[in-house]
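Worksheet for the structure shown next.
The values are calculated or read from the model by the stated rules, or taken from the named source; none is laboratory data. Just so it is clear, the model here is predicted, and its values are computed rather than measured. Cβ sites come from the backbone with ideal geometry, for glycine too, and all protein chains shown count toward neighbours. To get the accessible areas, we keep the full protein, side chains included, count just its heavy atoms, and leave off ligands, DNA and RNA. Shrake-Rupley method; radii C 1.70, N 1.55, O 1.52, S 1.80 Å.
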Amino acid sequence: MSEFQGWPDAGVRRLPQHIYADKDNFQRELDAIFFADSWNYVALSCEVPEPGDYILSSVGNVGVIVSRDRKGAIRVFVNRCTHRGARLCEKRKGNNKLFTCPYHEWRFNLEGRLVGVPLSQGVKGKGGMSAQFDPQNHGLKQLNVCERHGVVFASFSNDMVPLETYLGPKILRYFDRVCDGRPLKVIGKHKHVVAGNWKLQIENVKDTVHAAILHSFFTLFGIWRSDQETEIVVEDKGMHSVLASTATFSKQQTHSEKVDSEFSLLDPSLIAHEAEFSHATGAVMTIWPNLIFLQQLNCLVMRHVEPVSQDKCVKTWTFFAYEDEDPALTARRVKQANLLGASGLVTIDDNEILASCQEGLQQQSEFECAIEYGEGTSDCDHMVSESAIRGFYNYYRQVMEL
């Protein structure tokens with residue numbers, strides 16, 4: 001355990017090292033955030049269209065099964081047999097009439113009830129389950145589930161506010177502008193490991209400052225620059241935020257004639273944009289605790305950040321489109337996944353820098369990150385601000401009692 005477990009006197013303008021590097025703090029996060037009063041993104045409903053369809057997902061570091069039951073309702077179960085704790089499902093997705101444990105073949109129906117126990121009556125009148133055993137008490141652990149416009153969330157808490165209240169009106173506006181009720185379809189998935197604390201990944205997309213500095217591709221081709229029209233929207237408690245910006249697509253002039261002449265796109269369609277929404281060519285939304293909902297150019301993706309340990313997370317990218325859209329637009333979205341996906345021309349910058357941050361944060365103790373760009377913890381109309389990060393940590397401190 002690190003020596004310093006409090007919080008700096010400067011409040012959320014300073015972030016203490018131990019929240020990124022301490023194992024005990026990580027465990028407290030799981031209990032206080034992911035296993036408590038949070039709506040956690042788990043899937044798009046179009047990923048389980050038919051009864052018996054399932055995919056694997058996670059809530060915190062707990063594996064879950066997202067499935068559709070016989071009546072068409074979506075259910076989320078902990079991926080764990082109630083007998084000895086073995087994983088029920090190993091394949092990432094599939095279709096089952098029953099969920100069968102590979103260890104002793106306990107069987108659970110699509111509603112999570114235990115419906116089959118081999119040798120429950122013993123053999124030749126000997127053995128079998130005890131008189132105290134009641135199958136009704138051994139169904140799968142089910143989570144609270146809600147769905148909005150094809151996006152599925154789950155919670156270990158049964159005392160959750162409606163999702164609309166959870167998001168708040170400012171964030172709901174951006175959520176609904178992309179997920180507006182039109183049927184969705186998945187057009188691709190990526191999954192990769194990030195060598196950094198899960199919060200570093202969430203901070204990264206609340207950080208407008210780095211986007212115009214670290215990502216040379218963005219700045220060179222006018223996709224995201226600090227001089228562009230920008231809106232930073234922070235939910236009142238700081239839980240969620242949106243960074244919305246309008247690209248100029250004008251190539252940035254540098255001090256190097258060599259850079260200006262040599263760096264161009266052989267295929268300009270990679271950043272070609274078809275206007276779909278009333279404003280902003282890009283809107284990056286973070287929903288507490290660990291969903292990054294990205295609309296950038298015509299790329300639409302849910303980026304689900306799974307906390308694995310204090311120094312590692314796994315990020316699953318689910319690229320999607322509208323079921324009835326023009327195939328040419330879907331093809332554009334697929335192409336732009338090469339720009340923004342797991343090994344995209346932008347993401348590779350973040351993967352490397354977040355690992356670098358984690359390495360630095362694990363050295364020595366009592367280091368404090370300085371979060372000083374801009375003022376306050378709320379909305380602003382420019383890019384040079386870390387207000388969304390400070391808002392996030394205002395809420396984090398409240399939940400973690402720090």
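Figures for the structure shown
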{"quantity": "Under-5 Å amide H pairs with residue 379, H placed in peptide plane, nonlocal only", "calculated": "234"}
{"quantity": "Stokes-Einstein translational diffusion, segment 13-116 - Kirkwood Rh over all Cα pairs, 1.567 mPa s, 4 °C, in µm²/s", "calculated": "85 µm²/s"}
{"quantity": "Degrees separating the helix 387-400 axis from the principal Cα axis of the chain, which is the longest one", "calculated": "30 degrees"}
{"quantity": "Segment 1-80: chymotrypsin sites (Phe, Trp or Tyr not before Pro) falling in loop per DSSP and having at most 16 other Cβ within 10 Å", "calculated": "4"}
{"quantity": "Ellipsoid semi-axes in whole angstrom, largest first, where each is sqrt(5λ) of the Cα gyration tensor of segment 88-214", "calculated": "43, 19, 16"}
{"quantity": "C-alpha long axis of helix 169-178 to longest principal axis of the chain, angle in °", "calculated": "90 degrees"}
{"quantity": "Accessible surface of segment 64-193 [probe 1.4 Å, protein heavy atoms]: carbon and sulfur percent", "calculated": "48 percent"}
{"quantity": "Difference of contour (0.36 nm per residue) and Cα-Cα distance, residue 237 to residue 309", "calculated": "23.3 nm"}
{"quantity": "In degrees, nearest ten, helix 327-340 long axis to first principal axis of the chain (Cα)", "calculated": "80 degrees"}
{"quantity": "Distance (nanometres) between label positions extended 7 Å along Cα→Cβ at residue 216 and residue 370", "calculated": "2.7 nm"}
{"quantity": "Rounded accessible area per residue of segment 264-402, 1.4 Å, Å²", "calculated": "41 Å²"}
{"quantity": "Phi-based couplings in Hz for segment 354-359 (Karplus 6.51, -1.76, 1.60; Gly and Pro marked x)", "calculated": "5, 5, 5, 4, 4, 4"}
{"quantity": "Inter-label distance for residue 147 and residue 326, nm, one decimal - labels placed 7 Å from Cα along Cα-to-Cβ", "calculated": "3.0 nm"}
{"quantity": "Solvent exposure ordering (accessible area, 1.4 Å, most first) of 227, 207", "calculated": "227, 207"}
{"quantity": "Gained length - residue 226 relative to residue 138, 0.36 nm times residue gap less alpha-carbon distance", "calculated": "26.1 nm"}
{"quantity": "Coil-residue trypsin sites (Lys or Arg not before Pro) of segment 103-195, DSSP, other Cβ within 10 Å capped at 15", "calculated": "113, 124, 141"}
{"quantity": "Residue 166 - accessible surface, heavy atoms, 1.4 Å probe, Å² rounded to 10", "calculated": "10 Å²"}
{"quantity": "Three semi-axes of the equivalent ellipsoid, segment 133-282, Cα gyration tensor, whole Å, largest first", "calculated": "39, 19, 17"}
{"quantity": "Amide H contacts under 5 Å for residue 241, placed H, 5+ residues apart", "calculated": "235, 286"}
{"quantity": "Karplus (6.51, -1.76, 1.60) ³J(HN,Hα), θ = phi - 60°, over segment 117-123, in Hz, Gly and Pro reported as x", "calculated": "10, x, 6, 5, 9, x, 10"}
{"quantity": "Listed residues 363, 196, 327: farthest to the positive end of the dipole of the chain (Cβ charges)", "calculated": "327"}
{"quantity": "Virtual spin-label span in nm between residue 95 and residue 119, 7 Å along Cα→Cβ", "calculated": "3.4 nm"}
{"quantity": "Rg over Rh [alpha-carbon atoms, Kirkwood Rh] for the chain", "calculated": "1.01"}
{"quantity": "Residue 103-residue 131 FRET efficiency (beta carbon distance; Förster radius 25 Å; 0.05 resolution)", "calculated": "0.60"}
{"quantity": "Lysine pair number, Cα distance threshold 21 Å (strictly under), segment 1-150, separation 8 or more or different chains", "calculated": "6"}
{"quantity": "For segment 152-201: rounded, prolate or oblate by the Cα gyration tensor [a/c cutoff 1.5]", "calculated": "oblate"}
{"quantity": "Dipole of segment 62-212 [Lys/Arg +1, Asp/Glu -1 at C-beta], most positive-end residue of 175, 157, 82", "calculated": "82"}
{"quantity": "Cysteines not pairable in the chain (beta carbon separation under 4.7 Å absent)", "calculated": "46, 89, 146, 179, 299, 313, 357, 369, 380"}
{"quantity": "Segment residue 193-residue 31, length gained on full extension (0.36 nm per residue, minus Cα span)", "calculated": "56.1 nm"}
{"quantity": "Average accessible surface area per residue within segment 52-181, 1.4 Å rolling probe, Å²", "calculated": "53 Å²"}
{"quantity": "Order by protection proxy (mean Cβ within 10 Å, highest first), peptides 151-162, 313-324", "calculated": "313-324, 151-162"}
{"quantity": "Calculated from backbone phi, Karplus (6.51, -1.76, 1.60) coupling profile of segment 296-309 in Hz, x at Gly/Pro", "calculated": "9, 6, 9, 7, 10, 7, 9, 10, 9, 9, 9, x, 9, 7"}
{"quantity": "With every protein chain in place, segment 300-402: carbon and sulfur % of accessible area (1.4 Å)", "calculated": "46 percent"}
